[in-house]
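To keep things clear, I will list the structure first and then write my remarks on it.
The values are calculated or read from the model by the stated rules, or taken from the named source; none is laboratory data. This structure is a prediction, so every number in the text was calculated from the model and none was measured. Positions of Cβ are backbone-derived with ideal geometry, glycine not excepted, and every protein chain shown enters the neighbour counts.
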Amino acid sequence: MQDGILFTGKAEPPRHALSIWYRKPGKITEKLTKTSVALPIGNGRLAAMVGGGILSEQLQLNEESLWSGGPGGWEKDSRNDGTQGQTYNFGYNEKKPDLPAIYEKLKNGASLGNDGTQGVDPEELQGNYIGFGNYKNFGFLNLDYRIEEGTKVHNYRRELDLEDGQARVAYELGGVSYSREYTANYPANVIAVRVAADQSGQVNLAISVTPGQPDGKIGGTLQEPVVRIEGNTIILSGGLHDNGLLYAGAFRVVNEGGTLISDAEYIMISDADAVTIYFTAATDYRNEYSLPEESELFEKLTYRTGESLPELIFRTTNALEQAASKSYDDFINEHKNDYQTLFGRVSLDIGGANKFPTDEAMKRYQKARKADENTRILETLLYQYGRYLLIASSREGTLPANLQGKWNPDNFPPWSADYHTNINLQMNYWPAGAGNLLETMEPLEKFVRSLMVTGRYTAQRYCLPANTLEDAWKNEGAGWSTGNSGNIFGLTAPGTLWSWAWAPTSNAFLCQNLYQYLQYGGDPETFRRDYWPIIREAAVMWTKALYLPQDGLWQGKYVVIPSFSPEHGPLSVANAYDQQLVWELFAFTLDCMKRLGLEDADKVLKDDIEEKLANLYSPVNIGKYGIMEWSESTTEFNQYDREHRHMSQMVGFYPGTSIANGSPEYFNAAVRTLNWRGDGATGWSMGWKINLWARALDGNRAYKLIQNLFKENLARNMFGLHEMWGSYPPDGYAFQIDANFGYTAGLQEMLLQSHLGSIDLLPALPDAWPEGSVKGLRSIGGHEIDIHWSDGRLTSFSLKAFSDGAIKVRNPALPDGEMTIAAEWGEVYEIAV
Ligand code: FUC
């Protein structure tokens, strides 16, 4: 018995092996934790979690821009009522750093054991969180199936089919087979739920909607959200209590056969053959890209479309009208064509069979002593899940995937479900290039572009020596930067505590993602128009912000000050993370100039960058423990937290190349660092370490990290987890999606690498995957690659060239370990070994 239902029988596994599935419904919970079994669907903008209950079920719904905070808002967490009265000012405090004075304090290095600010006033490096906001729960669609308690249900199965990008439920009850299908359609911007039976007149349910917000405000007046039912339509509308952000959701119920009756609370379907419920939602949020005229700072940035609530409601009902006017089959085909075009590009086969429901399969995995059919199918599933989740949370015209993608039931989610930029947002997009999903990067590019408006002011205020750029924030091209956590309202100031918030090289790190769009074969014209100006302006910022000390430990070398290794160690100068990111930024900016033919046109900047690169304090220094995290040996030897989750000194090993440049000395030091730091840490950190061990060409060690991830940091629905040190009930773990994306990128990195100028096939294949193939991965250069292997050895590969000229391919099974293909653009080269 579960939830008043007696479950009998044993449903067959789903038709498509690439499915996460269960023989039981899953609960919709207020928090996403280790025990979560609800299944996520999404179209980038809308998201839903599917539980699939029998007597009743809820779909928990999200709309990506339902955020408190921003202009007019004050909320950050549930406890800060005290700040009411003060509203959002983009996070800026009174104090700001005086960089030359800070250098004076830091120039002789940190004293042993000192992990503080070395006498620098921390207030100078911090902002405020008034009106930072939170990503909110939109609400629930409730389906009551009008079934009696104690009913027997036979052969129940609930699945998320990654091949079709749909969730489903199937079961038998009283001799009738029921099926439900849940689809998030991107072109239509609509989610559909269809309930059907294999016999006519057997579908009975009551449909209702519950708002996700307990209270609200419209036009300054307190007003709770309203649910209105008219005929076959339900409208949920309101304004957020905090910032008045307007929202509307519309649900349209279409029954086939039977009757539809509605009252104030429910739409009742009786004796239908099938029923489909279409849902869409919108808010009056708009991300702003440029300053309004005569703007004094940013006070005129509203982040609103200017629509009224009736206009918003009209927008949603109009989208539904269009979706519901098609046949259901057409609606599904539209979804599948769109989704499968992206998802279907890459296939992975390392063997395995999907025999066990995923919760049971995960338990078996955790106990498994060696690789088997079950471990392999779960590893494959988790790989493709990452690609699925990226497609489902990041599409053209949407916001980028946040810390939870777009899935969030909690009105005060961990870290607001925001955009952290000292690693997390970047990691979300690591799989996009090699995973052949460059289209999913557009939201990141647009989001980062929108940060430049306030980011210019942030750069001037926090990163540039005094008066370098008077009113730089007004001038496009002057240089932008950002702190470590951002909302959807242009906040780029550092957060409230320097010891996690200070991260000025976040801009360089974000640009590394953007550069990948070009590297992996994205459209050069799109890159030139949209991506390049962002990268260029971050490079401009660092040409101006690097400090050239006249004395002290770093005399005569360009350094980042104050420098901070993310969330670890003391405030300092020229840490590995900062120096490496600046090095990477300068190196790829020069490469972009070359490829875009801008070396002459942009000569002044090019020369400036070259001079600074030549005199940059070394981004890579080797010490007793491998790559040094801090540039002073006193700090290094005092190793703060040996197993700290941030592997910051390795950012140039993966995803960067300042360490991973082919030098054996650097390589060996990197391996030493990895060993020293251990195989533990939280979900996203394990994701990073899989990539790092892949770059260290150690497939078995990367595999060990995969095992650790499975054992410790995955929920039962395979969502990645962040350990919350006991503070997130009920089990102290919270969903954080970067672990999923880090894993997917890591698996790609194990099978294909191309950062050293050649295409390296199977550089880190673990013993656990002796037989297999992967098809459709992209390499740097944009080539599409299929790889087959057997007995742990490459047997054949094919390459579809994306350029003319020589392409070097490496693998020990090739004669002399390598070959060169004289490629012609568009040709496919098939090589048997
Ligand atoms: C960074 C990390 C934390 C967490 C947070 C969202 O601050 O150090 O582990 O992932 O982002």
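Tabulated values for the structure
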item: Selected residue [surrounded by fewer than 21 Cβ atoms within 10 Å (Cβ to Cβ) and closer than 22 Å to PRO214 by Cα] from ALA319, ALA281, ALA248, ALA264; result: ALA264
item: Matching residues in segment 412-429 - criterion: being near the ligand (Cβ under 7 Å from one of its atoms) and either of a type in the set (Phe, Trp, Tyr) or free of Cβ contacts under 8 Å to residues at least 40 places away in the same chain (or both); result: TRP415
item: Of all residues making up segment 733-763, the number that are touching a strand residue (DSSP E or B) at 6+ places or on another chain (Cβ under 8 Å) and not in a helix (DSSP H, G or I); result: 15
item: All strands (runs of 3 or more DSSP E) inside segment 246-323 with 3 or more residues being without any contact (Cβ under 8 Å) to a residue 40 or more places away in the chain; result: 259-262
item: LEU399 being of a type outside the set (Gly, Ala, Ser), under 20 Å from GLY746 (Cβ atoms) and in contact with an Asp or Glu (Cβ under 7 Å, 6 or more places away or on another chain); result: no
item: Matching residues, segment 395-411, being within 15 Å of the ligand (Cβ to nearest atom) and assigned to a loop (DSSP other than H, G, I, E, B); result: PRO400, ALA401, LEU403, GLN404, ASN408, ASP410
item: Residue in segment 229-236 that is modelled with pLDDT of 95 or more, at positive phi and assigned to a strand (DSSP E or B) present; result: no
item: Residue ID - nearest to the ligand (Cβ to nearest atom), chosen from residues in segment 716-764 that are within 20 Å of LEU39 (Cβ to Cβ) and among the polar types (S, T, N, Q); result: GLN736
item: Residue match in segment 588-609 (condition: surrounded by fewer than 24 Cβ atoms within 10 Å (Cβ to Cβ), more than 16 Å from the ligand (Cβ to nearest atom), closer than 25 Å to ASP115 by Cβ and among the hydrophobic types (A, V, I, L, M, F, W, C)); result: no
item: Residues satisfying the stated conditions in segment 145-158, i.e. surrounded by fewer than 17 Cβ atoms within 10 Å (Cβ to Cβ) and either touching a residue at least 12 places away in the same chain (Cβ under 8 Å) or among the aromatic types (Phe, Trp, Tyr) (or both); result: ARG146, GLU149, GLY150, THR151, LYS152, HIS154, ASN155
item: Test for ALA739: is it buried (at least 24 other Cβ atoms within 10 Å of the Cβ) and touching a residue at least 40 places away in the same chain (Cβ under 8 Å); result: yes
item: Residue in segment 673-690 that is farthest from the ligand (Cβ to nearest atom), counting only those that are part of a helix (DSSP H, G or I) and among the β-branched types (Val, Ile, Thr); result: THR673
item: Of the criteria (1) within 16 Å of the ligand (Cβ to nearest atom); (2) without any contact (Cβ under 8 Å) to a residue 40 or more places away in the chain; (3) of a type outside the set (Val, Ile, Thr), which one ASP471 fails; result: (1)
item: From GLN126, GLN166, GLN118, residue being farther than 23 Å from ALA11 by Cβ, polar (S, T, N, Q), within 31 Å of the chain's Cα centre (by Cα) and surrounded by 17 or more Cβ atoms within 10 Å (Cβ to Cβ); result: GLN126
item: Elements of type helices (runs of 4 or more DSSP H) contained in segment 459-553, each with 1 or more residues being in contact with an Asp or Glu (Cβ under 7 Å, 6 or more places away or on another chain), over 24 Å from ASN402 (Cβ atoms) and not acidic (Asp, Glu); result: 532-545
item: Segment 200-211 residues that are over 12 Å from ILE277 (Cα atoms), paired with ones that are basic (Lys, Arg) (beta carbon under 6 Å, 6 or more apart); result: ASN204/ARG146
item: Single residue of GLY4, GLY9 found to be at positive phi, surrounded by fewer than 24 Cβ atoms within 10 Å (Cβ to Cβ), modelled with pLDDT under 95 and not charged (D, E, K, R); result: GLY4
item: Test: LEU721 is in a helix (DSSP H, G or I) and not aromatic (Phe, Trp, Tyr); result: no
item: Some residue of segment 580-587 being within 22 Å of ALA110 (Cα to Cα) and modelled with pLDDT under 95; result: no
